[in-house]
Amino acid sequence: MASLHGIVLSLALLPLSWLANPAHAHDPGLSFADVRIAGSEVAVTLTFARRELEPLVPIDVDGDGAVSDAEFAAARPRLRGLAPLLFTVRAGSDDREPRVTSLEIDDSDAVRIALLFDDGGEDPVGLRAPILTRLARGHRQYLSIRSTGGQPVANQILDAGTAAVVVPRTAMAVPSRTVPDQLVSFVREGVRHIWLGYDHLLFLVTLLLPAGLRRRAGAWQAVDRFGTTFRAILLVVTAFTVAHSITLGLAVLGLVELPPRLTEAAIAVSVVAAALNNVWPVVTRRLWAVAFGFGLIHGLGFAGALGELGLPRDAKLTALVGFNLGVELGQLAIVVVVLPLIYSLRHWQLYPRTALQVGSILVAGIGSLWLVERAIGA
């Protein structure tokens with residue numbers, strides 16, 4: 001039995017060594033493309049988080065986290081030069097030349113570039129985002145295609161492997177009812193974000209590590225009933241969910257805003273704090289209150305995937321509901337897999353000193369690496 005426990009424990013802790021690379025701490029990113037096809041013209045508005053474009057065109061040259069007017073003015077020619085790489089429109093057998101009609105950076109640190117193409121009215125229209133092969137691996141682009149009157153016609157998630165779509169002009173005449181499609185797309189993004197946002201994932205798993213145990217007389221003891229463990233974890237996960245739902249909604253609606261570097265550093269602190277509390281328990285009761293407090297910070301992190309994109313007003317509610325639902329489904333899947341595994345190990349004598357202690361120390365080390373990386377802006 002001990003050898004079986006050792007195998008299970010090794011499999012559970014193996015991913016942590018890979019997560020120790022700070023490069024894996026961030027979601028690979030999401031950008032937004034709003035396309036309107038009217039007459040012989042195709043208007044495209046692209047929105048990127050500034051940090052996504054920095055590897056291609058340095059904008060915040062002094063690295064202070066804020067872009068001055070002078071810095072953006074210096075970056076404008078190179079950003080304009082990216083236009084053929086950012087997006088292409090093919091009509092017939094030719095790629096049409098883009099014309100940059102506007103270029104700005106807003107208060108949420110989002111770079112917005114508007115392009116105009118003349119496609120000659122040919123059918124169909126081919127849309128492609130070559131930039132996706134140059135951005136961070138895993139970057140996705142939410143493509144929204146609208147008719148002349150601004151009605152949503154089609155929506156699709158593009159990535160480096162699927163960076164093109166062909167649109168028949170006949171689709172412009174009869175807009176489809178796409179709200180369910182939009183909702184499904186953002187649900188998928190929410191699930192993907194919690195599974196690829198390794199800091200959020202690690203925080204949740206760290207809260208689950210003491211499941212099946214209770215603190216008595218200065219020592220960890222196994223609980224007798226699964227129901228006791230389930231109720232405790234349900235309360236913690238619910239508190240975390242409610243908290244990050246609140247700040248996610250407020251941030252996407254523009255009511256709350258913190259600098260991304262500060263938010264990400266605070267999330268790293270939450271990972272370290274949760275791990276150290278497993279090693280040297282300070283909070284042994286009402287852990288849900290801790291989960292709620294840190295959940296407020298994690299919600300701002302979730303909002304970073306949506307809030308800085310400058311989503312159109314009519315897409316914000318769908319994006320918020322779908323993305324949040326996806327995050328909850330992703331969390332639920334993690335709990336369903338991890339909780340029974342941890343509970344099954346509760347009577348193993350080495351569990352408190354190995355999985356809980358060693359695992360938590362390793363998590364604290366990973367969180368500390370993330371904190372240093374984010375604090376210095378690497």
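Every read-out reported here was derived from the displayed coordinates using simple, explicitly stated rules and does not represent laboratory data. Being a predicted model, the structure only gives us computed values, none of them experimental. Glycine also receives a Cβ, built like all others from the backbone with ideal geometry; neighbour counts cover every protein chain displayed.
The string of couplings for the range 361-369 from the Karplus curve (6.51, -1.76, 1.60, θ = phi - 60°) is 5, 5, 4, 4, x, 5, x, 5, 4 Hz, one whole number per residue in order, with x for Gly and Pro. To the nearest 0.05, how large is the calculated FRET efficiency for residue 230 and residue 317 if R₀ is 30 Å and r is the Cβ-Cβ distance? Calculated transfer efficiency: 0.35.
Available extension along the chain between residue 122 and residue 54 is 20.9 nm, counting 0.36 nm per residue and deducting the alpha carbon span.
How high is the relative contact order of the range 31-176? Use alpha-carbon pairs under 8 Å, at least six apart in sequence, and give a whole percent. Show your work: numbers first, answer last.
Numbers: 287 pairs, mean separation 39.9, N = 146.
This gives 27 percent for the range 31-176.
Here's the picture: a label point sits 7 Å out from the Cα of residue 258 along the beta-carbon direction, and within the range 277-302 the residues with their amide nitrogen under 15 Å of it are 290-302. Across the range 66-75, computed HN-Hα scalar couplings (Karplus, 6.51 cos²θ - 1.76 cosθ + 1.60, θ = phi - 60°) run 10, 9, 7, 4, 5, 5, 5, 4, 5, 7 Hz from first to last residue, x flagging Gly and Pro.
How much length, in nm to one decimal, is gained on full extension between residue 280 and residue 341, taken as 0.36 nm per residue of separation minus their Cα-Cα distance? Working shown, then result.
Values: separation 61, 0.36 × 61 = 21.96 nm, distance 2.30 nm.
Here the segment from residue 280 to residue 341 would lengthen by 19.7 nm.
Calculate log10 I(q)/I(0) of the range 31-176 for q = 0.08, 0.13, 0.17 Å⁻¹, where I(q) comes from the Debye formula with a single equal point scatterer on each Cα and nothing for solvent. After summing over all Cα pairs, the log10 values are -0.22, -0.57, -0.93. Amide H contacts of residue 89 (H built 1.01 Å from N, in plane; Pro and chain starts excluded): 96 sit under 5 Å, all sequence-distant by 5 or more or on other chains. Put a dot 7 Å past the Cα of residue 100, heading toward its Cβ, do the same for residue 40, and the two dots end up 2.6 nm apart. Whole-Hz Karplus values for the range 245-259 come out as 5, 5, 6, 4, x, 5, 6, 5, 7, x, 8, 9, 8, 10, x Hz, taken residue by residue from phi with 6.51 cos²θ - 1.76 cosθ + 1.60 and θ = phi - 60°; glycine and proline positions read x.
Only counting other Cβ atoms within 10 Å, I'd like 183, 300 sorted with the fewest neighbours first. Can you show the working numbers first?
Working: 183 19, 300 23.
So the ranking, lowest neighbour count to highest, is 183, 300.
Residue exposure proxy: 69, 94, ordered by other Cβ atoms within 10 angstrom of their Cβ from fewest to most, comes out as 69, 94.
As an exercise, use a Förster radius of 25 Å and the Cβ-Cβ distance of residue 107 and residue 136 to find the FRET efficiency, rounded to the nearest 0.05. Efficiency computed from Cβ-Cβ geometry: 0.60. Database remark: amide H of residue 41 closer than 5 angstrom to the amide H of 119 (H placed geometrically; neighbours at sequence offset of 5 or more, or on other chains; Pro and chain starts carry no H).
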